[in-house]
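K.L.:
I have a structure I would like to understand better, so I am pasting it below and will then ask my questions one at a time.
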Amino acid sequence: MAIPLIYNVRSVKARWASAIVAVIGIAGTVGVFIAMLSLARGFRATLVASGSEDNALIVRAGATSEMTSGVALDSVKIIQDGPGIARSADGPLVSPEAVLIAPIPLRSTGTDANVQLRGVSSNVLEIRKQVKIVQGRMFRAGLAEVVVGKNANSSYSGLTLGNTIGLGSMRWQIVGIFDAGGSSFDSEIWADAHLLSGAYKRPDTFFQSVTVHLTSPGTLQQLKDAITSDPRLNVDVTREVDYYAKQSTRMTTLITRLGGFVAFVMAVGAVFGALNTMYSAVAERGREIATMRALGFAGPSVVISFLVEALLISFVGGVIGCIAVLPLNGLTTGAMNWQTFSHLAFAFKITSELLVKGVIFALVMGVLGGLFPAVRAARLPVATALREL
């Protein structure tokens, strides 16, 4: 015979003070758990959004990132004649790119943070179609002009439309602000590749990577086979979206592990809080438990009843934790991208999957906090408990 659920609800109401303490502990743990995982999701989503199925990224063979790569202009000329590369009226859609970093003060703290500079070709907007100029205009090739990503514009001091900034040995005018659809490009500054390299005393015949626009996603293998088999070239060819997904792995893993550790430590505290609540309930309700046992409720029914009570408390805590963390969704923050050593702005990404995981995590804490008190309640000697009435 099962104990009615209403009994558990009334019990929680009667012991509301200790129940609230347990709920708050579980809610806080779930909130931190979801927040940390949403950070990792947001970081990964920002980098993956930088890539396109229609683009291929070419770097030096063995390079782990653009910063450690190098591709000579002679190689670029060979690459742009490769099969499967789309063309416009002005020629192949190929952008040899110079990637650098420069310290610029953050608006929030006034301290310098590295912003990523990307020297690109004038046809880059035809290659990266997700990038749109939302204020001003695109820079003109051969002129000391830059366009700034929307996150860089809002995060760094002095990166406003019409302003001039010093990069390398030159002064540059900001002529446009672009929106890259929530990708990592939103945290970058773009300029003419040849001029940008010259400003930093780099040869303008040497680039970090080459981005090409494919006629279709299916032509990647054809291009890869042709380029990697050419003895004049020493490069790796990767679909752009796959490259950025791989770049996100290190930071995503770090955030996830750190979040898991913090959530574990907090979960231990929350479980002990639940244990205290449920053990107190057992101690205070010895008479009730003995009466129920005398009325014919079996030990397993008592165990299930106490577990249901613990799950009820943890479920409420889990839901409150989920609701409390929802305002973080879409909130922009920033962190060092260890692959490029530059500051990357990204947003918390709270999904329905993470919310479900948060509630499940809360229920697990409820089971751990309620199981042992439930077993103790079921083992209370009926005769002894009744004699103590």
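Where a number appears in this text, it was derived from the coordinates with a stated rule and is not lab data. Predicted model, so just to flag it, every value in this text is computed and none were measured. All Cβ positions, glycine included, derive from the backbone under ideal geometry; neighbour counts span all protein chains shown.
K.L.:
Just need the relative contact order of the chain here, percent rounded to a whole number, with Cα pairs under 8 Å and 6+ apart.
P.N.:
29
K.L.:
Just from its helices, what would the mean residue ellipticity at 222 nm be for the chain, if runs of 4 or more DSSP H residues each count -39500 (n - 2.57) and the sum is divided by every residue, rounded to the nearest 500 deg cm²/dmol?
P.N.:
For the chain, the value works out to -16000 deg cm²/dmol.
K.L.:
Which residues does the label zone of residue 215 cover in segment 76-90, counting backbone N under 17 Å from a point 7 Å along Cα→Cβ?
P.N.:
Under cut-off, by backbone N: 79-90.
K.L.:
Show me the ranking of peptides 261-274, 43-56, 102-115, 139-152 by mean Cβ neighbours inside 10 Å, starting with the highest. Intermediate results must be reported in sequence, preceding the final value.
P.N.:
On the way: 261-274: 18.3, 43-56: 22.3, 102-115: 14.4, 139-152: 20.6.
Per-residue mean Cβ counts within 10 Å order the peptides as 43-56, 139-152, 261-274, 102-115.
K.L.:
Additional query: Tally Lys/Arg at +1 and Asp/Glu at -1 over every other residue whose Cβ is under 15 Å from the Cβ of residue 42; what's the total?
P.N.:
Here the count lands on +1.
K.L.:
A follow-up question, please. In degrees from 0 to 90, rounded to the nearest 10, what is the angle of the helix 249-284 Cα long axis to the longest principal axis of the chain?
P.N.:
Helix 249-284 and the main axis of the chain meet at about 10 degrees.
K.L.:
To continue, here is another question. Over segment 62-233, what is the mean sequence separation of C-alpha contacts under 8 Å (at least six apart), divided by residue count, expressed as relative contact order in percent? It would help to have the intermediate numbers written out before the result.
P.N.:
Numbers: 356 pairs, mean separation 53.7, N = 172.
Once normalised by length, the contact order is 31 percent.
K.L.:
Of all beta bridges DSSP finds with both residues in the chain, what is the antiparallel percent, to the nearest 5?
P.N.:
Values: 44 of 54 bridges.
Counting only bridges with both partners in the chain, antiparallel ones make up about 80 percent.
K.L.:
Here is the link list: 77/150; 77/224; 129/150; 201/246; 224/246. Which ones come out longer than 23 Å on Cα distance?
P.N.:
77/150; 201/246
K.L.:
Output the 0 to 90 degree angle, nearest 10, between the alpha-carbon long axis of helix 5-14 and the longest principal axis computed from the alpha carbons of the chain.
P.N.:
So the helix axis and the longest Cα principal axis differ by about 90 degrees.
K.L.:
Just to be sure I understand the model, the point goes 7 Å from the Cα along the line to the Cβ. What's the resulting residue 304 to residue 63 distance in nm?
P.N.:
Modelled inter-label distance: 6.4 nm.
K.L.:
Further, regarding this structure: Given a Förster radius of 35 Å and the C-beta distance between residue 201 and residue 81 as r, what FRET efficiency does 1/(1 + (r/R0)^6) yield to the nearest 0.05? Numbers along the way, then the final one.
P.N.:
Working: r = 30 Å, r/R0 = 0.87.
So, using R0 = 35 Å, E works out to roughly 0.70.
K.L.:
What does the net charge come to around residue 161 if you take all other residues with beta carbon closer than 13 Å to its beta carbon, with K and R at +1 and D and E at -1?
P.N.:
Net local charge, residue 161 excluded: +1.
K.L.:
Can you put 200, 156 in order of Cβ neighbours within 10 angstrom, beginning with the fewest?
P.N.:
Fewest-to-most ranking of 200, 156: 200, 156.
K.L.:
Considering only DSSP states other than H, G, I, E and B, which trypsin sites (Lys or Arg not before Pro) in segment 166-229 qualify as loop sites with at most 10 other Cβ atoms within 10 Å?
P.N.:
In loop regions of segment 166-229 (DSSP not H, G, I, E or B), the sparsely surrounded trypsin sites (Lys or Arg not before Pro) are 201.
K.L.:
Using θ = phi - 60° and the Karplus form 6.51 cos²θ - 1.76 cosθ + 1.60, what ³J(HN,Hα) does each residue of segment 365-370 get, whole Hz, x for Gly and Pro?
P.N.:
Values per residue, Gly and Pro as x: 4, x, 5, 5, x, x Hz.
K.L.:
Another one. For 194, 213, which order do you get if you count the other beta carbons within 10 Å of each Cβ and list the fewest first?
P.N.:
194, 213
K.L.:
Could you check the spin-label model distance between residue 101 and residue 360? Points 7 Å from the Cα along Cα→Cβ, value in nm.
P.N.:
Label at residue 101, label at residue 360, 3.7 nm between them.
K.L.:
Got the relative contact order for segment 111-180 handy, in percent, Cα pairs under 8 Å and 6 or more residues apart?
P.N.:
RCO, segment 111-180: 36 percent.
K.L.:
Rounded to the nearest 5, what % of DSSP beta bridges with both residues in segment 62-233 are antiparallel?
P.N.:
Details: 29 of 39 bridges.
Just about 75 percent of them are antiparallel.
K.L.:
Sorted by average packing, counted as other Cβ atoms within 10 angstrom per residue and highest first, what order do 70-78, 242-250 take? Working shown, then result.
P.N.:
Working: 70-78: 16.1, 242-250: 18.2.
Per-residue mean Cβ counts within 10 Å order the peptides as 242-250, 70-78.
K.L.:
While we're here: Using a Förster distance of 56 angstrom, determine the FRET efficiency expected from the C-beta separation of residue 225 and residue 265, and round it to 0.05.
P.N.:
0.65
K.L.:
Here's a follow-up. Taking Kirkwood radius over Cα pairs in Å straight from the coordinates, which label in (i) 21.5; (ii) 20.9; (iii) 24.5 is the correct one?
P.N.:
(iii)
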